[in-house]
Every structure is written in C-alpha cells, then in structure tokens.
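Taking it in order: structure first as structure tokens, then the write-up.
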Amino acid sequence: MANLVTSLCCVVLAAVVVAYAQRRSQLVARNQYERMGNDVTMQCGSLDNDASVSWKVNGTDVKAQHHLEGPRLMLTEVDLGHNGLYSCFQNPHGERRDTIYLHIGIPPREPTVTCRSNTYPKGFYCSWHQLHQTFIPTTFEVDVQHNQRSLEVQKDPDHKNRCRVRFPEVFSSFPYKVNVTSVNALGKASTTISFEESSIVKPDPPERVTATPIRHNARRLEVSWHSPATWPDIDNFPLKYFLRYRPLIREQWQHVELSDSTSHTITDAIAGKEYIIQVAAKDTEIGTWSDWSVAVHATPWIEDPLPITSTTEVDYTTEAKTSPIPSSNAPQKAEQPVGGAARLLTHFSPLLLGMLLLFM
C-alpha cells in the first residue's frame, strides 16, 4: 500500500512539473521574423481553433489593421511599425497564453566584398558590407580557398565586417577565392570574388610627413616622411614614393616619383606662397599606389624685413639739412630760456624809452 501511494505521488508530481514547464514555455517570449510587406499570422500557443482570445502589443490593444480568427491574429502588409511584443489572452478570464516578439525585416542581398594586403607579404584582409539595410540581425560566413584548400580565417577584433588571412606562400601563382554569405532569419545571399596575390597589394599612406623652409632660399622646401608602420619588411620589400605639391593659389599639382628615398627638396616653389604637400607609396614590383598621406602645409623662407623709420622723422631731418629756415608747415624749434633780469628788462623797455624822451 505504501508503495502504491508513493507511486501515485510521483505521477502527480511529474504531471505538475510538466504542466508548469508547458506553461512557462508558453509565457516566455518567442521570436517570429517576417518579411516587410507580407501578410502575417501569429498563433496563440496550442489553443484549439474555436478558442476565443484577445491580443495586445507592447501592453496595449492591437490597433493596426488586423483580423482575428480563433487563436490566430492576422496582420496585413506589415512594416517596421508592426515590430513589438505581442501577447494573447484566453477569454473569458483573460489568462495569458502566449507571447511573441515580432521582427519585421527583409532578406539579405549579395554583400559587397573587397580584399587588400597592406602588410605584404604577411597576409591580407577582406571586408564586406550590405548596400541595403535588413532591419533584423544579419551575420556573415566567410570561406577562403587557395590551391584547392581552405585557409584559416581570423575575425578582426577592431572591425565587425572584416577578417584577416595569412598568405600560405609568397609569389604564389594560384588565385585566391573568397566567398562571403550574408545570413538572417529570412534568407541568405552570397558573393564570391577571385584574385591573384599581386593585384591586392596596396600599402597604407606614408606617415609623419613634414615640410621645412630652407633658410635664405625663397624657392625651396625640404620634405621628409616615414614608410607606413604597417609595412612589415621594408628592407626585403622596399617601397617607392610619389610626391605631389602645389601652391594654394593654384589647382594644378606638380609631381615627383622617387625610387626609395624618404625625402625630397622642392626647388621651384613660388616665393612667399603657402604650399600643400602629400605623399603616396607603392611596392616597387607589384600592387597599386596607396592613398595620399595627410596633407601638410608650408611656406618657403621669407627674409626678415628691415626696420622702418618714421616718415615724420625722415621729413624733418631732410628739411633741416636742405633749408636753413623752417617752412611754415614744419614744426618750430622752441626758444632758449632767458634769465629773470633779461625778462624784466624786456617787460619795462617801453616805459624807460618814454622817460628818456621827456628829459631830452
């Protein structure tokens, strides 16, 4: 008897656990992805077709154009405004039976893929992007083939849509084949490109470009730069450089190509005019030119002007030398100071003259 009671308790407990699990699974929101512009049907759990339910989206009654058919909610020509958390409740007690997170988007299209080696001969990287937004999470699968074998692909830690691949061998004559597949809940699309090693070599621009005027030379500028830090072996894989410069007053560039030097003296600068200067780099044998470096500005040496003498002082000195009598427009010299007796005599001289005439 005790064994029978124990068995019955276990059966009841198991049934309760199963019922609770089913109830929890119905209450946890599940994702449903639908294509933009389509009609959408959402099913309220596993309720029978004659069940009566009501629906809410984000906690409020569904107001968008829709149709109810038993436990199903049907939306017409959905767009991004239909995104949200939908919940269904069984009538008449209003018990929640299911929760659905509706995501509206579009299937991916073929991604745009480009590959480049700025660290030759170590390896290359490939990057990709979608020309059209999908509005739902989209991932990318990358496969790289060389000489009929797959190469290891390393995700770039700094760029989401970029991967790095090591060259399995240098100077290989076998082409590389890169396939990138865009994948989301509504579909997938792929792009495949093929290239030879030499065609993707492109260094980064030269760094730390400087331009310095040369003292006492109004037509020269000394330009120097450093090779890109990302280029790993400058000794065995040297770079050549392309310099361009122009005065700001003109639109036409002047160009100089240099074999392996990292400096150049401009000798035909226009005196006193500000110049803009940039440099590009390229492997001496293969690949293409880098982008232009960050522009620098410089002006050739300008001689310090002589001190300017005041015009008033010059005119006064000239007039003093050429004319013994100052003109009426020139400033007059002040009279010399006289003593007290002399000033008294000058003040009374008319009175003394009159007295002298009376006694004559």
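The values are calculated or read from the model by the stated rules, or taken from the named source; none is laboratory data. No experiment lies behind these values; they were computed from the predicted model shown. Cβ coordinates were reconstructed from backbone atoms using ideal geometry, including for glycine residues, and neighbour counts include every protein chain displayed. The area values use the complete protein model at the heavy-atom level, side chains included, leaving out ligands, DNA and RNA. Shrake-Rupley method; radii C 1.70, N 1.55, O 1.52, S 1.80 Å.
Distance from the Cα centroid of the stretch 30-87 to that of the stretch 116-182 is 41 Å (rounded to whole angstrom).
As an exercise, identify the GluC sites (Glu not before Pro) in the stretch 202-253 lying in DSSP coil whose Cβ has no more than 11 other Cβ atoms within 10 Å.
Hits after loop and neighbour filter: GLU251.
Would you tally the net charge around TRP253, using a Cβ to Cβ cut-off of less than 10 Å, leaving TRP253 out, and scoring K and R as +1, D and E as -1? Write out the running numbers ahead of the final one.
Values: positive: ARG244, ARG246, ARG250; negative: GLU251.
After counting each charged neighbour, the total is +2.
For the stretch 207-298, the Cβ-based charge dipole about the Cα centre amounts to some 580 debye (Lys, Arg positive; Asp, Glu negative; other atoms uncharged).
Could you pull out the chymotrypsin sites (Phe, Trp or Tyr not before Pro) across the stretch 123-209 that fall in loop regions by DSSP (anything but H, G, I, E, B) with no more than 13 other Cβ atoms inside 10 Å?
Working: sites: PHE124, TYR125, TRP128, PHE135, PHE140, PHE171, TYR176, PHE195; in loops: PHE135, PHE171.
Of the chymotrypsin sites (Phe, Trp or Tyr not before Pro), the ones in loops of the stretch 123-209 whose Cβ has at most 13 other Cβ atoms within 10 Å are PHE171.
Carbon-plus-sulfur accessible fraction, the stretch 27-105 (probe radius 1.4 Å, protein heavy atoms only): 44%. Straight-line cross-link reach from LYS155 at under 21 Å between alpha-carbon atoms covers these lysines, not counting any fewer than eight positions away in the same chain: LYS122, LYS177, LYS188, LYS202.
Compute the accessible area per residue over the stretch 27-105, keeping the other protein chains in place, probe 1.4 Å, unit Å². Walk me through the intermediate numbers first.
Values: 4400 Å² over 79 residues.
Value for the stretch 27-105: 56 Å² per residue.
Net charge of the neighbourhood of LYS122, taken over other residues with C-beta under 15 Å away and scored Lys/Arg +1, Asp/Glu -1, is -4. Add +1 for every Lys or Arg and -1 for every Asp or Glu among the other residues with Cβ under 9 Å from the Cβ of LEU75, and state the total. Residues close to LEU75 contribute a combined charge of -3.
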